1. For segment 78-102, give me each residue that is over 18 Å from Thr24 (Cα atoms) and within 21 Å of the chain's Cα centre (by Cα).
2. Leu90 passes all but one of (1) touching a Ser or Thr at 6+ places or on another chain (Cβ under 8 Å); (2) of a type in the set (A, V, I, L, M); (3) within 30 Å of Gly110 (Cα to Cα); (4) surrounded by fewer than 17 Cβ atoms within 10 Å (Cβ to Cβ); which number fails?
3. Considering each of Ala27, Ala72 in turn, give the residue that is in a helix (DSSP H, G or I), in contact with a Gly (Cβ under 7 Å, 6 or more places away or on another chain) and at pLDDT 85 or above.
4. Could you please find all residues in segment 48-69 being among the acidic types (Asp, Glu) and either closer than 15 Å to Gly110 by Cα or not in a helix (DSSP H, G or I) (or both)?
5. Are there any pairs with C-beta distances below 8 angstrom linking a residue in segment 19-32 that is over 19 Å from Ala71 (Cα atoms) to a residue that is of a type in the set (Lys, Arg) and not in a helix (DSSP H, G or I), with the two at least 6 apart or on different chains, and if so which?
6. Being of a type in the set (Phe, Trp, Tyr), assigned to a helix (DSSP H, G or I) and touching a residue at least 60 places away in the same chain (Cβ under 8 Å) is true for just one of Phe12, Phe4. Which residue is that?
7. Would you confirm, using the coordinates I've provided, whether Leu63 is at pLDDT below 90 and closer than 21 Å to Ile96 by Cα?
Amino acid sequence: MLQFAIAVARIFEFAGIGAIVVGTLVALIKFGLAGVGARRADGAEGKSELSSEFRKNLGRSILVGLELLVAADIIRTVSVVPTLENVLVLALIVLIRTFLSMSLEVEINGRWPWQSSGKG
């Protein structure tokens, strides 16, 4: 059972890394294609919007990757003998990744996750 849990954790790690890499490539391709169209429009406002859209796309891929990496850490920690040291390391990893996720959420949406979107 331990080998299975470790294998599943590895799959989640690869999926997290893959989400970040593929998401980054997709964001770069979208940015490049949109940049070609923006050159034709030749507006500074369009360039700012392009940069903002690129950052949002990149941030989303990083968020998905972080979530998968946190899942891998949780699976790995509960599959081995949960010593106090293992649990503390997991808590620190989750804390750091949660902070990164919240920072990215603010960067992407311009508000904290618990704030209402104002739509409604």
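The values are calculated or read from the model by the stated rules, or taken from the named source; none is laboratory data. Because the structure is a prediction, the values reported are computed rather than measured. Cβ coordinates were reconstructed from backbone atoms using ideal geometry, including for glycine residues, and neighbour counts include every protein chain displayed.
1. Val89, Leu90, Ala91, Leu92, Ile93, Val94, Leu95, Ile96, Arg97, Thr98, Phe99, Met102
2. Evaluating Leu90 over (1) touching a Ser or Thr at 6+ places or on another chain (Cβ under 8 Å); (2) of a type in the set (A, V, I, L, M); (3) within 30 Å of Gly110 (Cα to Cα); (4) surrounded by fewer than 17 Cβ atoms within 10 Å (Cβ to Cβ) leaves (4) as the failure.
3. Sole residue among the options that is in a helix (DSSP H, G or I), in contact with a Gly (Cβ under 7 Å, 6 or more places away or on another chain) and at pLDDT 85 or above: Ala72.
4. Glu49, Glu53
5. none
6. Among Phe12, Phe4, only Phe12 is of a type in the set (Phe, Trp, Tyr), assigned to a helix (DSSP H, G or I) and touching a residue at least 60 places away in the same chain (Cβ under 8 Å).
7. Considered against the rule, which asks whether it is at pLDDT below 90 and closer than 21 Å to Ile96 by Cα, Leu63 comes out as yes.
For every residue, the table says whether it meets (1) on the phi > 0 side of the Ramachandran plot; (2) at pLDDT 85 or above.
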position	(1), (2)
Glu53	no, yes
Leu58	no, yes
Val78	no, no
Leu84	no, yes
Leu92	no, yes
Ile96	no, yes
Met102	no, no
Gly118	yes, no
